[in-house]
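Chemist: My questions will all concern the structure given below.
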Amino acid sequence: MTARVTTLPLLRSLALAAVILVSCRAPAVPDRPEGKAWPIVGDSEPYIVQSQAGRAAVAYRCLFGDADTTAWTGFVATGVPVVINQCWLTPGRREVRAQAMDDAGRVSPLSEPLAVSVLPSPGYPDSVVAAVGLAVTSAMVASPAGDRLFAACTTGVAVVDTGCWQPDLLLPRPGIRALALSADGRLLWVVIHDSIMVVDVERENTVCRLPLEGCRRVCGAVDPDEAYLLTPSLLFRIKAGGTSKVDTIHTAEDQLDMTLVPQHSLLCIGAEAGGTLVLLDTRTDSVVARVSTGVRPRLLAPATGSRFVSLTTGDYYSPYACVVDVLGRHITGYYLLSPQNRITSLASSPCGRFLALSRVEANASIVDALSWSCVDTFPGLPGTRVEWAPDGRHLFVAGEDTLWVLGFRGGQWR
């Protein structure tokens, strides 16, 4: 009887201590916020926050990144969703987190983040359809069907599916200099500092790897099993498969870039010496003409009807563009560019009438391939690389840490 009397007060004390301990605890961590992952600058978007049902009333607030934190909401019962609206004023990637507070002022830890990519306000006729968290380093190339984009990033070659816009690592190999796809989209040619790798993109395996140092550019040939490789002094043709081999088909000095014009069986090579555009017949591997441009042809792209080739120096002190008629073997025009906006890459539209440009510290834009007059600019989208999908439905603009995807009305641009 005595033992029972002494035990009851002890049990009551333990129960009271448990109640005090529970009452002193901070609220539970809220669930990850729910809401739009690709909001547009200037649009107000709702984000839903809530906690698992359990304790008494709590208030919520959201942290939207860039030190943008909302005020506390009113108190609601746990388990009841609360809507908090947010309007971003600048584009970029953000993390949205939620936090709860009880009526005693105790604050919970932050919730798991909701990744958000804020898109620029479309001040042009078309729109950004996706923002992919991918830091493209040196090259991009789209598949012939336009359903995939292959991009060189810091960790290797990533492939982005245009159906879900999710990047996957295809080839874990950093230090990639250039990429090219075969005409049928089956083989991916990958240039590393000391070799060339050929990857079967369907089977995701390496077909072959050949030693080759100093390669600057690669482009697919008409034959889907072949590609051209450009070094400062040599042009190679490589054939993949069971009997992989490399043939030297041209020797020059200070070669900078090349582009294939398959309709006329021409490979155009820009050489620094004399600003020469070398025209090579791909059927005979022989030089058929040399056109002196007087500028340093660092970037080349085919233009309207593939009869013309646009080239630009990309230099700060000599910012010229030039258009060459590769059939008539003459220059059709020179165009002085702004030295503040040095061009870093060119991409020809599928129709050949336009060029997409990426520029240093400036917005990506589209110009007429023959007159170089600006026909469209994309505010808020500076980029280091541009690539056009062969079907014309998308233009890819690689920023510092984001790959912007532009979609065009009616499925085609112009």
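The values are calculated or read from the model by the stated rules, or taken from the named source; none is laboratory data. Keep in mind the model is a prediction, meaning the values are calculated, not measured. We place every Cβ from the backbone using ideal geometry, glycine too, and count neighbours over all the protein chains shown.
Chemist: Hey, does segment 371-384 have a residue that's over 21 Å from the mean Cα position of the chain (by Cα), at pLDDT 85 or above and not polar (S, T, N, Q)?
Modeler: Yes, that holds for at least one residue.
Chemist: Now for a separate question. For T137, are the conditions met, namely being among the hydroxyl-bearing types (S, T, Y) and out of contact with any Asp or Glu (no Cβ under 7 Å at 6 or more places or on another chain)?
Modeler: The answer is yes for T137.
Chemist: Looking only at segment 26-57, count how many residues are among the basic types (K, R) and either crowded, with 17+ Cβ neighbours inside 10 Å or out of contact with any Asp or Glu (no Cβ under 6 Å at 6 or more places or on another chain) (or both).
Modeler: 1
Chemist: Let me ask something additional. Mind listing whichever residues of segment 210-222 are at pLDDT below 85 and of a type outside the set (G, A, S)?
Modeler: L210, P211, L212, E213, C215, R216, V222
Chemist: In segment 15-67, what residues are part of a strand (DSSP E or B) and at pLDDT below 80?
Modeler: I40, S44
Chemist: Something else now. In segment 130-185, how many residues are more than 22 Å from L357 (Cβ to Cβ) and among the hydrophobic types (A, V, I, L, M, F, W, C)?
Modeler: 11
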